[in-house]
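The values are calculated or read from the model by the stated rules, or taken from the named source; none is laboratory data. What you are looking at is a predicted structure, and each value in this text was computed from that prediction instead of being measured. When we count neighbours, we look across all protein chains shown, and the Cβ atoms used for this are built from the backbone with ideal geometry, even at glycine.
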Amino acid sequence: MALDPLHWRRFFRRQFNQSADLARAVSQLGGLPFAPSAVRRVKLTRQQVGLERREREENVRAAFRVPEEAEIEIAGRRVLLIDDVYTTGATVRAVAKALKKGGAGTVDVLTFARVLPGDFRADESATI
(Lines give C-alpha, C1' and ligand atoms only; values in the text may rest on other atoms or scores of the structure.)
Protein backbone atom coordinates (compact mmCIF):
# COMPACT_ATOMS: atom_id res chain seq x y z
CA MET A 1 0.00 0.00 0.00
CA ALA A 2 1.42 3.35 -1.04
CA LEU A 3 0.30 6.90 -0.42
CA ASP A 4 0.52 10.38 -1.85
CA PRO A 5 3.80 11.45 -0.24
CA LEU A 6 4.59 14.91 1.03
CA HIS A 7 7.92 16.51 0.19
CA TRP A 8 10.09 16.38 3.34
CA ARG A 9 10.11 20.18 3.65
CA ARG A 10 6.32 20.39 3.62
CA PHE A 11 6.11 17.53 6.12
CA PHE A 12 8.59 19.32 8.37
CA ARG A 13 6.38 22.44 8.37
CA ARG A 14 3.10 20.57 8.86
CA GLN A 15 4.34 17.76 11.12
CA PHE A 16 1.69 15.38 9.74
CA ASN A 17 0.65 13.68 6.52
CA GLN A 18 -3.07 12.97 6.39
CA SER A 19 -2.68 10.51 3.49
CA ALA A 20 -0.18 8.52 5.55
CA ASP A 21 -2.52 8.46 8.54
CA LEU A 22 -5.39 7.23 6.35
CA ALA A 23 -3.18 4.63 4.63
CA ARG A 24 -1.93 3.34 7.98
CA ALA A 25 -5.51 2.87 9.22
CA VAL A 26 -6.67 1.15 6.00
CA SER A 27 -3.61 -1.09 6.15
CA GLN A 28 -4.37 -2.17 9.72
CA LEU A 29 -8.08 -2.68 9.08
CA GLY A 30 -7.52 -4.62 5.86
CA GLY A 31 -4.47 -6.58 6.95
CA LEU A 32 -2.50 -5.10 4.05
CA PRO A 33 1.18 -4.20 4.08
CA PHE A 34 1.85 -0.50 4.67
CA ALA A 35 4.66 0.79 2.46
CA PRO A 36 4.98 4.54 2.94
CA SER A 37 8.44 4.57 1.37
CA ALA A 38 7.33 2.82 -1.85
CA VAL A 39 7.13 6.18 -3.60
CA ARG A 40 8.83 9.49 -2.85
CA ARG A 41 8.11 13.07 -3.79
CA VAL A 42 11.42 14.15 -5.28
CA LYS A 43 10.38 17.59 -6.44
CA LEU A 44 9.05 20.33 -4.18
CA THR A 45 5.84 21.48 -5.84
CA ARG A 46 3.53 24.43 -5.37
CA GLN A 47 0.35 23.79 -3.45
CA GLN A 48 -2.38 22.72 -5.86
CA VAL A 49 -5.05 25.02 -4.36
CA GLY A 50 -6.16 27.56 -6.94
CA LEU A 51 -4.42 25.85 -9.88
CA GLU A 52 -6.35 24.85 -12.99
CA ARG A 53 -6.20 21.27 -14.32
CA ARG A 54 -3.28 21.88 -16.72
CA GLU A 55 -1.31 23.79 -14.09
CA ARG A 56 -1.84 20.95 -11.60
CA GLU A 57 -0.58 18.37 -14.10
CA GLU A 58 2.51 20.44 -14.88
CA ASN A 59 3.09 21.08 -11.17
CA VAL A 60 3.34 17.36 -10.31
CA ARG A 61 5.00 16.15 -13.52
CA ALA A 62 8.10 14.11 -12.57
CA ALA A 63 7.54 14.94 -8.89
CA PHE A 64 7.41 11.28 -7.76
CA ARG A 65 9.56 8.20 -8.12
CA VAL A 66 9.98 4.76 -6.64
CA PRO A 67 13.31 4.53 -4.83
CA GLU A 68 15.54 1.73 -6.10
CA GLU A 69 15.33 -0.07 -2.75
CA ALA A 70 11.51 -0.14 -2.96
CA GLU A 71 11.32 -1.58 -6.49
CA ILE A 72 11.62 -5.15 -5.21
CA GLU A 73 8.79 -4.50 -2.75
CA ILE A 74 6.31 -3.49 -5.47
CA ALA A 75 7.60 -5.45 -8.48
CA GLY A 76 4.63 -7.02 -10.25
CA ARG A 77 2.34 -6.38 -7.28
CA ARG A 78 -1.05 -4.78 -7.06
CA VAL A 79 -0.58 -1.48 -5.20
CA LEU A 80 -3.32 0.44 -3.44
CA LEU A 81 -2.63 4.17 -3.61
CA ILE A 82 -4.25 6.25 -0.86
CA ASP A 83 -5.00 9.91 -1.48
CA ASP A 84 -6.91 12.12 0.93
CA VAL A 85 -8.53 14.49 -1.60
CA TYR A 86 -9.11 13.90 -5.31
CA THR A 87 -9.59 17.12 -7.24
CA THR A 88 -8.49 16.78 -10.88
CA GLY A 89 -6.60 13.51 -10.54
CA ALA A 90 -3.27 15.08 -11.50
CA THR A 91 -1.47 13.91 -8.37
CA VAL A 92 -2.99 10.43 -8.48
CA ARG A 93 -1.99 10.04 -12.14
CA ALA A 94 1.56 11.24 -11.45
CA VAL A 95 2.02 8.89 -8.47
CA ALA A 96 0.44 5.94 -10.31
CA LYS A 97 2.73 6.58 -13.28
CA ALA A 98 5.76 6.54 -10.98
CA LEU A 99 4.58 3.30 -9.35
CA LYS A 100 4.05 1.62 -12.72
CA LYS A 101 7.45 2.84 -13.94
CA GLY A 102 8.93 1.44 -10.71
CA GLY A 103 7.52 -2.00 -11.47
CA ALA A 104 4.02 -2.15 -9.92
CA GLY A 105 1.73 -4.60 -11.73
CA THR A 106 -1.44 -2.58 -11.20
CA VAL A 107 -2.33 0.51 -9.21
CA ASP A 108 -5.72 0.96 -7.56
CA VAL A 109 -6.73 4.23 -5.91
CA LEU A 110 -8.71 4.87 -2.75
CA THR A 111 -9.59 8.46 -1.98
CA PHE A 112 -11.59 9.88 0.91
CA ALA A 113 -12.89 13.15 -0.51
CA ARG A 114 -13.76 14.33 -4.00
CA VAL A 115 -13.82 17.96 -5.10
CA LEU A 116 -16.37 18.33 -7.89
CA PRO A 117 -15.97 20.78 -10.76
CA GLY A 118 -17.44 24.10 -9.71
CA ASP A 119 -16.98 23.48 -5.98
CA PHE A 120 -14.27 26.15 -5.85
CA ARG A 121 -13.23 28.97 -8.12
CA ALA A 122 -9.54 29.40 -8.89
CA ASP A 123 -9.49 32.70 -6.96
CA GLU A 124 -11.27 31.20 -3.96
CA SER A 125 -8.93 29.81 -1.33
CA ALA A 126 -11.16 30.17 1.74
CA THR A 127 -12.22 26.98 3.46
CA ILE A 128 -15.90 26.10 3.41
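Observations on the structure shown:
- Failed condition for Leu29, given (1) more than 23 Å from Leu116 (Cα to Cα); (2) at pLDDT below 90; (3) loosely packed, with under 15 Cβ neighbours inside 10 Å; (4) not hydroxyl-bearing (Ser, Thr, Tyr): (2)
- Only one of the listed residues (Leu80, Leu116) is surrounded by 18 or more Cβ atoms within 10 Å (Cβ to Cβ) and either of a type outside the set (Phe, Trp, Tyr) or part of a strand (DSSP E or B) (or both). That residue is Leu80.
- Filtered residue count, segment 41-64, keeping only those that are buried (at least 18 other Cβ atoms within 10 Å of the Cβ) and of a type in the set (Lys, Arg): 2
- Within segment 45-61, being touching a Lys or Arg at 6+ places or on another chain (Cβ under 6 Å), under 21 Å from Lys100 (Cα atoms) and assigned to a loop (DSSP other than H, G, I, E, B) holds for no residue.
- Test: residue in segment 52-68 that is under 16 Å from the mean Cα position of the chain (by Cα) and acidic (Asp, Glu): yes
- The residue pairs whose first member lies in segment 84-109 and is closer than 19 Å to Gln18 by Cα and among the hydroxyl-bearing types (Ser, Thr, Tyr), whose second member is modelled with pLDDT under 95 and buried (at least 21 other Cβ atoms within 10 Å of the Cβ), and whose beta carbons are closer than 7 Å, counting only pairs six or more residues apart or on different chains, are Thr88/Arg56; Thr91/Asp4; Thr91/Val60; Thr91/Asp83.
- Odd one out for Glu68, checked against (1) at pLDDT 90 or above; (2) surrounded by 11 or more Cβ atoms within 10 Å (Cβ to Cβ); (3) not aromatic (Phe, Trp, Tyr): (2)
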